[in-house]
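Since the structure comes first, as structure tokens, the remarks are kept for the end.
The values are calculated or read from the model by the stated rules, or taken from the named source; none is laboratory data. Remember, predicted model here, so these are calculated numbers, not experimental data. With ideal geometry, Cβ positions are generated from the backbone for all residues, glycine too; neighbour counts draw on all protein chains shown. What goes into the accessible areas is simple: the full protein's heavy atoms, side chains included, and nothing from ligands, DNA or RNA. Shrake-Rupley method; radii C 1.70, N 1.55, O 1.52, S 1.80 Å.
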Amino acid sequence: MDHFTYKNGVLHAEDVPLPALAEAVGTPFYCYSTATLQRHYRIFAEALAGLDVGIYYAVKANDNLAVIRTLANEGAGADVVSEGEIRKVHAAGVAPDKIVFSGVGKTRSEMAFALETGILQFNVESEPELEALSDVAQARNASVDIAIRINPDVDAGTHHKISTGRKENKFGIPWPEARSTFAKAATLPGINVRGVAIHIGSQLTQLGPFERAFEIAVDAVRQLRNDGHQIDRLDLGGGLGVPYGVADPPSPSDYGDMVKRVTAGLDCRLMFEPGRLIVANAGILVTRVIYVKPSADKTFVITDAAMNDLIRPTLYSAYHEVIPVLQARSTGTPRTVDIVGPVCETGDILAENRDISVPLADDLLVLRTAGAYAAVMASTYNARPLVAEVMVRGTAHAVVRERQTYEALLSTNTLPDWLSP
Ligand code: LLP
């Protein structure tokens with residue numbers, strides 16, 4: 001459930017009517033609902049109640065400071081994958097001891113930054129990374145808590161571009177081969193081996209793959225303890241899917257019950273890195289129709305949002321539900337339309353072959369489930385400025401990222417001497 005609902009036929013974000021918001025901030029814009037963010041976080045936390053748990057919101061899904069702060073206020077820590085994300089979570093007020101640093105390609109300079117500013121844990125993904133981290137920690141007379149990410153070779157059953165738990169993927173160290181990496185880590189200065197980490201993919205719509213992977217991770221913890229390691233943390237990653245209007249993923253409470261069953265008696269702190277589950281349905285992309293272009297086969301609805309604002313349909317053939325801001329617009333006879341942006345690529349399709357009643361030019365449309373992996377994956381392709389992000393809370397709204405100006409768009413380009421006048 002989210003807080004984007006029709007009131008008297010007009011779509012609202014909580015208590016804010018979207019036509020007024022579009023008037024105030026212009027289109028396109030992303031709109032986030034505070035109440036929905038809070039609701040999703042609480043549902044996830046409640047599903048795990050009774051366990052010794054830390055929840056580290058995967059900031060890559062939506063790194064807007066207002067989103068991170070809203071979740072930090074609920075008690076969330078942060079799962080980050082770059083120095084930029086560390087800087088963002090600091091700016092949003094996340095304490096260093098609530099930050100987990102994941103990712104396959106941390107540079108030495110990023111490691112040093114994390115050590116200097118403080119971090120709860122590094123999730124290490126390879127032996128070369130482990131050696132680099134030991135060097136960087138040693139050079140600072142520091143010691144750092146780590147988990148090693150294992151690759152369980154489990155098919156997550158999700159889109160191949162967001163599946164991470166097969167042995168042919170770049171992520172983690174295959175288990176049981178990783179036992180020798182744990183043994184090596186135990187000998188390295190500056191490294192405290194604390195945990196096992198796992199993350200098999202994103203937008204999982206079945207519990208089975210999670211369960212298979214978690215059983216392997218639990219066995220790994222037991223085996224590693226037998227090997228003499230003091231493993232007291234198990235990071236089970238993120239990945240629980242959300243309804244995009246097609247498949248119905250498992251509920252957080254079913255996921256929580258499965259986690260409780262699989263980890264029973266393990267006596268380990270459990271860590272989670274949910275991203276999409278928390279933010280996806282807490283955000284929408286609001287766009288205005290520029291033209292309606294009939295053709296022999298189908299009608300193209302050309303909007304002012306494009307693939308550079310929401311790349312998921314182009315990149316993963318992802319489905320995002322499209323609804324009109326004025327409910328009355330959905331009552332006409334349905335026709336098959338493609339909703340497309342102005343970008344000069346055939347792949348610039350936000351929604352393909354939708355049977356909807358054809359909107360009119362200037363109508364406002366909403367792409368739902370755009371709180372995760374939308375604004376963060378936006379680009380300025382076709383020299384289109386990054387669009388505004390707005391957060392609402394009750395009747396209040398605030399622009400939480402300004403629409404990029406054309407001046408800002410041009411400001412980082414410079415001409416070499418030989419081309420200057
Ligand atoms: N932890 C790790 C180590 C991850 O790599 C990810 C996501 C997460 C947690 C959070 O996963 P979530 O709970 O959001 O599924 N751009 C793609 C999704 C990429 C996911 C990358 N890793 C999309 O738009 O579907």
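Quick notes on this one:
- Of the residues THR181, VAL262, THR299, the one whose Cα sits farthest towards the positive end of the charge dipole of the chain is VAL262 (charges of +1 on Lys and Arg Cβ, -1 on Asp and Glu Cβ, taken about the Cα centre).
- The stretch 136-294: translational diffusion in µm²/s, Stokes-Einstein, Kirkwood Rh over Cα pairs, 25 °C, 0.890 mPa s: 142
- Rg/Rg_ref, the stretch 157-249, where Rg_ref = 2.2 N^0.38 Å and atoms are Cα: 1.22
- Residue order by solvent-accessible surface for VAL53, VAL94 is VAL53, VAL94, largest first, with ligands and nucleic acids left out and a 1.4 Å probe.
- Calculated [222 nm] ellipticity per residue, helices only, for the chain: -8500 deg cm²/dmol; basis is -39500 (n - 2.57) per DSSP H run with n ≥ 4, divided by all residues, nearest 500.
- Just checking the listed ones, ASN151, ASN64, ASN141: in the Gaussian network model of the chain with Cα springs under 10 Å, the one fluctuating most is ASN141.
- With all protein chains modelled, accessible area of HIS160 [1.4 Å, Å²]: 140
- On the stretch 103-272, 46 percent of the accessible area sits on carbon and sulfur atoms, based on a 1.4 Å probe.
- In Å², nearest 10: area of GLU389 left accessible to a 1.4 Å probe: 10
- Taking Cα centre as origin and charging only the Cβ of basic (Lys, Arg, +1) and acidic (Asp, Glu, -1) residues, the dipole magnitude of the stretch 103-272 rounds to 120 debye.
- Residue of CYS268, CYS344, CYS31 that the Gaussian network model of the chain assigns the largest fluctuation, springs spanning Cα pairs under 10 Å: CYS344
- Solvent-accessible area of ASP155 with every protein chain in place, 1.4 Å probe, in Å² to the nearest 10: 80
- The mean of 1/r over all pairs of different alpha-carbon atoms in the chain, once inverted, gives a Kirkwood hydrodynamic radius of 22.8 Å.
- When the chain is treated as a GNM with alpha-carbon contacts under 10 Å, the residue of ALA383, ALA197, ALA92 showing the greatest mean-square fluctuation is ALA383.
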